[in-house]
Amino acid sequence: MKCPAILPTESERLTALSNHGLDNESLIPNLDPVVHIAARMFGMPVAAVNMIGSDHVFFAAHVGAGKFDMSRDVSFCAHTINQPSVMVVPDATLDERFHDNPLVTGAANLRFYAGVPLLSPEGLALGALCIVDNQPHTDFSASDQLRLQELAKMASDRLELRRIEVSGNRSRPNFEEYAGNSTTPVVWFDQTLCITAWNNAAAQSHGYSLEEGIGKPVEQLMPERSRPIFHEIINKAITAGTLDELVIPSEISGLRKDGSQFILGFSLFSWKDAGRIKFEAVLKDITAQRLEEIELRQQANIDPLTGLENRASFYRAVESAMITPSPMTVLMIDLDGFKDLNDTLGDAVGDCIIKEVSNRLLKLVDTVGIAARLGGDEFAIMWPQMTNPGLALQLAEAVVATIAIPINVMGRRFALPQAVA
């Protein structure tokens with residue numbers, strides 16, 4: 001039986017994969033933060049960025065992944081790239097597409113899967129960001145899907161930066177063909193630090209028209225404080241004739257025409273032309289991305305109601321201390337009687353009580369320990385390096401005493417019946 005011919009769109013997709021340097025099955029370090037955030041945010045044992053080849057799948061980044069069958073025929077991600085958004089499989093054993101899949105019936109025991117296609121600027125699916133568990137999850141909500149899509153956008157941006165880097169290392173074509181229509185800001189400049197070419201994305205990012213850049217100093221795109229480091233790198237490159245072995249910062253501050261500043265993802269490349277070194281800078285505005293990463297990390301580690309560490313973050317801290325090994329004291333705290341109070345007076349009052357208890361626990365541990373909300377009316381405290389049983393007992397008594405102090409909420413005074421530590 002003959003294999004079906006690859007469709008033109010599939011051929012274009014594989015070409016795009018090659019243009020990104022993703023056809024050699026190598027891991028991509030700048031994707032590591034994405035999979036680590038995904039695993040922590042959703043509490044999943046496995047998160048990965050998978051690239052989809054013509055007949056197999058390979059990892060570009062992963063955390064927690066063991067040995068999987070990487071053939072395209074069995075890959076869930078190969079299905080994901082044909083979806084318009086998120087593909088969610090709550091329980092693969094109940095899904096007619098996957099119930100007899102070797103990844104489900106075999107040693108991998110895959111039960112839950114959620115994946116988002118990673119698209120090139122032209123809309124070609126290169127691979128997928130996915131999270132996986134060997135337990136089913138029927139509660140993966142619409143907001144969870146939105147957060148996974150946000151992480152996928154972050155991964156796609158990082159893949160586009162890789163394409164620019166790979167393309168630049170392979171050859172230096174005509175600028176318009178190379179980067180003229182790219183959505184990634186690209187700037188070429190020479191040894192005199194004058195801009196020789198830039199695209200609309202670069203001009204607009206810095207608040208200029210396309211015509212305003214040619215012949216202007218490239219340093220006008222960064223504030224004064226960033227220029228000394230930039231000059232040092234360029235001078236060393238001119239002396240050595242290459243950027244090889246120079247330490248290039250991955251981020252710098254950018255400067256717009258109106259004087260406002262922002263965070264730039266900074267990638268720098270060089271090549272020789274007629275014996276003179278020339279440079280390419282990829283200057284992508286990552287201000288929103290950095291803010292998004294901070295928010296995503298907070299969502300993965302912080303309880304949204306109280307601002308305390310959440311259950312997953314607290315357990316990781318305890319596990320880390322146990323692996324070291326490092327002495328510590330851990331208190332588990334339960335608010336007896338809170339449920340009846342919450343049911344009687346309503347969630348608004350209950351939330352205020354939970355917040356006040358959280359504030360009191362935070363003051364007790366100060367900067368020495370970790371206070372966490374495990375869920376509902378359950379809290380925990382970890383005090384690193386605490387080895388004195390007497391001090392640990394005093395801490396437990398202080399916790400009970402501080403929670404017993406009546407709480408003023410909405411003009412009324414409440415006292416919890418009891419706190420157990």
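The values are calculated or read from the model by the stated rules, or taken from the named source; none is laboratory data. Just so we're clear, the structure is a prediction, and the values are computed from it rather than from any experiment. Positions of Cβ are backbone-derived with ideal geometry, glycine not excepted, and every protein chain shown enters the neighbour counts. The protein model used for the area step is the full one, side chains on, heavy atoms only, and it has no ligands, DNA or RNA in it. Shrake-Rupley method; radii C 1.70, N 1.55, O 1.52, S 1.80 Å.
Residues in segment 282-304 that are open to solvent by 50 Å² or more (accessible area, probe 1.4 Å) and in contact (Cβ under 8 Å) with a residue 60 or more places away in the chain were compared, and the one that is farthest from the chain's Cα centre (by Cα) is 285.
When residue 257 is evaluated against the numbered criteria (1) among the basic types (Lys, Arg); (2) assigned to a strand (DSSP E or B); (3) surrounded by fewer than 14 Cβ atoms within 10 Å (Cβ to Cβ), which criterion, by number, is the only one it fails? Result: residue 257 fails condition (2) only. Put simply, of 177, 150, 211 the only residue that is open to solvent by 20 Å² or more (accessible area, probe 1.4 Å), closer than 25 Å to residue 287 by Cβ and either of a type in the set (Asp, Glu) or modelled with pLDDT of 90 or more (or both) is 150. Being closer than 28 Å to residue 294 by Cβ and either open to solvent by 10 Å² or more (accessible area, probe 1.4 Å) or without any contact (Cβ under 8 Å) to a residue 60 or more places away in the chain (or both): is that true of residue 84 here? The answer is no for residue 84.
Being surrounded by fewer than 18 Cβ atoms within 10 Å (Cβ to Cβ), over 13 Å from residue 331 (Cβ atoms) and polar (S, T, N, Q): is that true of residue 367 here? Against the criterion (surrounded by fewer than 18 Cβ atoms within 10 Å (Cβ to Cβ), over 13 Å from residue 331 (Cβ atoms) and polar (S, T, N, Q)), residue 367 qualifies. Of all the criteria given as (1) without any contact (Cβ under 8 Å) to a residue 40 or more places away in the chain; (2) within 28 Å of the chain's Cα centre (by Cα), the one not satisfied by residue 160 is (1). For residues in segment 186-219 being in contact with a Gly (Cβ under 9 Å, 6 or more places away or on another chain) and assigned to a loop (DSSP other than H, G, I, E, B), which is farthest from residue 122 (Cα to Cα)? Only one residue tops the list, namely 206. Could you tell me which of the residues 252, 238 is open to solvent by less than 70 Å² (accessible area, probe 1.4 Å) and free of Cβ contacts under 8 Å to residues at least 40 places away in the same chain? Of 252, 238, the one residue that is open to solvent by less than 70 Å² (accessible area, probe 1.4 Å) and free of Cβ contacts under 8 Å to residues at least 40 places away in the same chain is 252. Taking the criterion of being under 26 Å from residue 124 (Cα atoms) and in contact with a helix residue (DSSP H, G or I) (Cβ under 9 Å, 6 or more places away or on another chain), the residues of segment 83-100 that qualify are 85, 86, 87, 88, 89, 97, 98. Scanning segment 339-363 for residues that are farther than 28 Å from residue 389 by Cα, touching a Leu at 6+ places or on another chain (Cβ under 9 Å) and open to solvent by 20 Å² or more (accessible area, probe 1.4 Å) yields 341, 351, 355.
Per this entry, residue 142 is counted among residues that are surrounded by fewer than 16 Cβ atoms within 10 Å (Cβ to Cβ), among the aliphatic types (A, V, I, L, M) and modelled with pLDDT of 85 or more. Do we find a residue being more than 19 Å from residue 154 (Cα to Cα), of a type in the set (S, T, N, Q) and surrounded by 22 or more Cβ atoms within 10 Å (Cβ to Cβ) anywhere in segment 53-73? Looking for residues that are more than 19 Å from residue 154 (Cα to Cα), of a type in the set (S, T, N, Q) and surrounded by 22 or more Cβ atoms within 10 Å (Cβ to Cβ), one finds none in segment 53-73, hence no. Is there a residue being in a loop (DSSP other than H, G, I, E, B) and aromatic (Phe, Trp, Tyr) anywhere in segment 223-235? No, that holds for no residue. Can you spot a residue in segment 48-57 that is under 23 Å from residue 161 (Cα atoms), modelled with pLDDT of 90 or more and either small (Gly, Ala, Ser) or in contact with a strand residue (DSSP E or B) (Cβ under 6 Å, 6 or more places away or on another chain) (or both)? Yes: segment 48-57 contains one or more residues that are under 23 Å from residue 161 (Cα atoms), modelled with pLDDT of 90 or more and either small (Gly, Ala, Ser) or in contact with a strand residue (DSSP E or B) (Cβ under 6 Å, 6 or more places away or on another chain) (or both). Restricting attention to segment 220-235 and to residues that are open to solvent by less than 60 Å² (accessible area, probe 1.4 Å) and touching a strand residue (DSSP E or B) at 6+ places or on another chain (Cβ under 9 Å), the residue that is nearest to residue 201 (Cα to Cα) turns out to be 221. The residues on offer are 280, 251, 293, and the sole one that is touching a strand residue (DSSP E or B) at 6+ places or on another chain (Cβ under 8 Å), closer than 27 Å to residue 41 by Cα and of a type outside the set (Ser, Thr, Tyr) is 251.
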